[in-house]
Amino acid sequence: MQQPANTAPDYRRRRLIGIAVPLAIIATVTLLAVSGSGPFATDEPDDPIGDAVVRFIKAGSARDFETTCELLANEALDPYKKIADRLGTEPRAACPQLLAARSGTTEPQDPPAIEVLDVRTSGNRAAVDIELKREGSPVNPQTVDLVFEEGTWRIVISQ
C-alpha cells in the first residue's frame, strides 16, 4: 500500500529544505548587515581612531581646513602659536587660515583610497597603519600617530 503524499519522507525533506534554506539566507543577510561586511561594508572604519585618520585625510583632500585643524592635536598646533599670538587668537582658531595660505590652493582633490591596516593603542596614544592609493600611483604605506585629548582622537604631526 502506498503512503499518502503528505506523509512521504520526500515530502518532509522538501518541506524542511523549503523552510531551512530561506531561514539560512535571512540569517546570513542579517549577519552581514550587522557586521558591516559584504554588500553592507562601508569605507569608514568602525573605530574612532581609524575614523579620525580617514576624516583627516579626506578633509585635507577636500581643503576643508576647519575639519583638518579640528583633528590636529594641540602639540601639532605649536608652530602656529607665535602667529596666533600676533593675530590675538588661539592657534586652533588661526589654523584654518594658515593652512589655506600654506597650501596655496583651495581647489579640492579627490581623496586617495584609504585602507586602515592596523590600529595600536597605548594609554592615550595610538598608531594607525594605513595604505593610501591614488590612481596611477604606487601604494603609499604610512603610520599616523594620534593622541586622545579633549574627548577625541587627534592627529600628531611628527616634525
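Bear in mind these aren't lab numbers, they're just calculated from the coordinates by the rules spelled out. Source: prediction; values computed, not measured. Cβ sites come from the backbone with ideal geometry, for glycine too, and all protein chains shown count toward neighbours.
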Matching residues in segment 81-99 (surrounded by 15 or more Cβ atoms within 10 Å (Cβ to Cβ) and small (G, A, S)) number 2
How many residues of segment 143-159 are surrounded by fewer than 16 Cβ atoms within 10 Å (Cβ to Cβ), touching a residue at least 40 places away in the same chain (Cβ under 8 Å) and either in contact with a Phe, Trp or Tyr (Cβ under 9 Å, 6 or more places away or on another chain) or not in a loop (DSSP other than H, G, I, E, B) (or both)? The answer is 2
Among (1) touching a residue at least 24 places away in the same chain (Cβ under 8 Å); (2) among the aliphatic types (A, V, I, L, M); (3) within 16 Å of R154 (Cα to Cα), L77 falls short only on (1)
